[in-house]
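Here's the structure, in structure tokens; my notes come after.
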Amino acid sequence: MTKHHITHRIIEQLPTMVAYVDRDRLFRYVNTSYAGFFDLTPQEMLGKPLTDVLSEESYQRIKPNHDHIFATGEKMEFSDSVTFRNGRKSFLDIRYLPEIDEQDNVIGIYVLIEDVSDYYASVDVMRTIHEVIHKRGRRIDPASIDELLKVGVEYLGVDIGTASSIQNGTYTIEWVQTAKMDFSAGTQLPLATTYCSVVLKANHLIYTNDASKDSRFKEHASYQTYGLETYIGTPLIINDQVWGVLGFARKSKRAEPFTELEIEMVRMMGTALETVIAEQKIRSDLIRQRDDMALIAYTDALTGLKNRSAGMEILEQSLVRQNGGRGFVVSVIDFDHFKTINDTYGHDIGDKVLIAGSEAMSAAVRSSDSVVRVGGEEFMVVLAYADHESASQVLERVRAAVEETVVTLDSGEVINPTVSVGASESHPDDDVSSIYRRADQALYKAKREGRNRVVWASESDV
Ligand SMILES: Nc1nc2c(ncn2[C@@H]2O[C@H](COP(=O)(O)OP(=O)(O)OP(=O)(O)O)[C@@H](O)[C@H]2O)c(=O)[nH]1
């Protein structure tokens, strides 16, 4: 073999794209890698002008570089990205070396191009992983998990990426990125019909690029149903418990097995998800605890009604709302001769009467009205957007509901409690204590006038 032949053979074997372009911008040499990049053979490119092969846009972009080299004889190195019509994007490291003749004229350019797409794709994944973890400090952003899956799908060249939770044998897709398959977030499947069950059985990251030849997958129900030939999935472990699985899959086989870099990337994506989900869990647990505590703080333990603090807030809010529109009605309600009930039957029976009476009152009002246990055997009903006329019937219904309440004792004896009700409409210049006082004064009148009745504050009361 001649030296020329050996050189030619070596250049043909290189993954580096090599070309030689003359002053007329014609391809004088291209190796197979270079031609393959354009889906052509070297024979199809030789002697052709650059403008025949490159898109107009690409040509205009590189022309100033070529002009520069032909004018100055300086070599050049730069990076570029090319997007193909099918959407594939390649990142290229490009080197131009001038060919100079004895008279110092630049007669051509050697073009050496490395496809560094894999490198940049890895950088992209790492950057997205960082963003997902970094953002968690502020607020969990579900969109960032979608973004992570999207980048993962592109990076691995698969059809679908999912982050799924597993609870009581049910597999729920929490996040999904797919252009090609019909799955959406919220989809639930029996765990046994998904590859997740294979991951969980292995209890570590697993992958295949040809499920039809892989005993772990080919007998699996999911393979029969979806025919996914390529899969990589890793368990998501939170607080030492399996939360779910991060998985990427594709219908077709993959020519090359997953590389070590790709496998480590999936592992890192899994760790990023674990971090975000764990934090989200802590956050929602805290919110739930706070809501529970707020509920406890505003609830009366005996009757389950709103307590005094909640009642005072309702009055404050009603007064604010009154400024913008209709008024409201406050009624103060007190059980009659309750001391006698306690003294006769005992405190526990007294409690039962309070509970039964509370239920009767709650059932008698509208959902927009509030029944409050202010303390002891004293209650308050706040009727939103009401006046004397519209509230009279409701309060009469409340009074009657308690009167109709029957508490039967073990001995067979029955107690029929009654309540007295004092009511007042709101005035524009009211505050919490003035309106409450008027209703309380009316209650006092109701007691004096014989109990078991509704009495309205008169206009002269202040
Ligand atoms: N069982 C029970 N009794 C309570 C509770 N809170 C307050 N009481 C009692 O309710 C009674 C209220 O009695 P009084 O304020 O004297 O009035 P009354 O006997 O209802 O008579 P009038 O209001 O005048 O009709 C007292 O004996 C309190 O001990 C409670 O949570 N449970």
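The values are calculated or read from the model by the stated rules, or taken from the named source; none is laboratory data. The model shown is predicted, which means the values in this text are computed figures rather than measured ones. Here Cβ is always computed from backbone atoms with ideal geometry, including for glycine, and neighbour counts include all displayed protein chains. The protein model used for the area step is the full one, side chains on, heavy atoms only, and it has no ligands, DNA or RNA in it. Shrake-Rupley method; radii C 1.70, N 1.55, O 1.52, S 1.80 Å.
Quick one: which residue in Phe328, Phe379 is within 16 Å of the ligand (Cβ to nearest atom), closer than 24 Å to Ser433 by Cα and open to solvent by less than 20 Å² (accessible area, probe 1.4 Å)?
Result: Phe379 is the single residue among Phe328, Phe379 that is within 16 Å of the ligand (Cβ to nearest atom), closer than 24 Å to Ser433 by Cα and open to solvent by less than 20 Å² (accessible area, probe 1.4 Å).
Would you please name the residue that is farthest from the ligand (Cβ to nearest atom), looking only at residues in the stretch 347-359 that are buried (at least 20 other Cβ atoms within 10 Å of the Cβ) and hydrophobic (A, V, I, L, M, F, W, C)?
Val353
One residue is enough: does the stretch 218-241 have a residue meeting the conditions within 18 Å of Val125 (Cβ to Cβ), under 27 Å from the mean Cα position of the chain (by Cα) and free of Cβ contacts under 8 Å to residues at least 12 places away in the same chain?
no
What are the residues in the stretch 95-113 that are open to solvent by 70 Å² or more (accessible area, probe 1.4 Å) and in a strand (DSSP E or B), if any?
Within the stretch 95-113, Arg95, Ile100, Tyr110 meet the criteria.
Would you mention how many residues in the stretch 1-22 are more than 23 Å from Val116 (Cβ to Cβ) and modelled with pLDDT under 95?
Count: 9.
Let me confirm something: among Ala192, Ala163, Ala255, which residue is of a type in the set (Gly, Ala, Ser) and surrounded by 19 or more Cβ atoms within 10 Å (Cβ to Cβ)?
Ala163
Restricting to the stretch 224-242, name every residue that is over 20 Å from Met265 (Cβ atoms) and either touching a strand residue (DSSP E or B) at 6+ places or on another chain (Cβ under 9 Å) or outside the structural domain of Tyr171 (by TED's automatic domain parsing) (or both).
Listed by number, the residues that qualify are Tyr226, Glu229, Ile238, Val242.
Here is a yes/no grid of residues against (1) assigned to a loop (DSSP other than H, G, I, E, B); (2) of a type in the set (A, V, I, L, M, F, W, C); (3) not assigned by TED's automatic domain parsing to the domain that holds Val276:
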position	(1), (2), (3)
Glu154	no, no, no
Gly161	no, no, no
Glu174	no, no, no
Met181	yes, yes, no
Ser184	yes, no, no
Ala192	no, yes, no
Ser197	no, no, no
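If only one of Arg438, Arg397 is buried (at least 19 other Cβ atoms within 10 Å of the Cβ) and over 23 Å from Thr344 (Cα atoms), which one is it?
Arg438
Report, ordered by the first and then the second residue, all pairs with beta carbons closer than 8 Å, sequence separation of six or more or different chains, a first member in the stretch 265-293 that is surrounded by 13 or more Cβ atoms within 10 Å (Cβ to Cβ), and a second member that is at pLDDT below 90 and of a type in the set (Gly, Ala, Ser).
What qualifies is Met265/Ser122; Val276/Ser144.
Of the residues that sit in the stretch 129-149 and are at pLDDT 85 or above and not acidic (Asp, Glu), which one is nearest to Thr162 (Cα to Cα)?
The qualifying residue nearest to Thr162 (Cα to Cα) is Leu149.
Where residues in the stretch 441-462 are open to solvent by 20 Å² or more (accessible area, probe 1.4 Å) and outside any loop (DSSP other than H, G, I, E, B), which of them is nearest to the ligand (Cβ to nearest atom)?
In this case the residue turns out to be Lys447.
Could you please find all residues in the stretch 171-185 being touching a residue at least 24 places away in the same chain (Cβ under 8 Å), closer than 17 Å to Gly244 by Cα and open to solvent by 60 Å² or more (accessible area, probe 1.4 Å)?
Within the stretch 171-185, just Glu174 meets the criteria.
Could we say that Glu396 is assigned to a helix (DSSP H, G or I), assigned by TED's automatic domain parsing to the domain that holds Ser318 and over 20 Å from Asp336 (Cα atoms) here?
no
Which helices (runs of 4 or more DSSP H) does the stretch 8-78 wholly contain that include 1 or more residues that are of a type in the set (D, E, K, R)?
Here the list reads 42-45, 50-53, 56-72.
Please give the number of the condition Ala185 fails out of (1) touching a Phe, Trp or Tyr at 6+ places or on another chain (Cβ under 8 Å); (2) at pLDDT below 90; (3) more than 23 Å from Glu279 (Cα to Cα).
Against the list (1) touching a Phe, Trp or Tyr at 6+ places or on another chain (Cβ under 8 Å); (2) at pLDDT below 90; (3) more than 23 Å from Glu279 (Cα to Cα), Ala185 comes up short only on (3).
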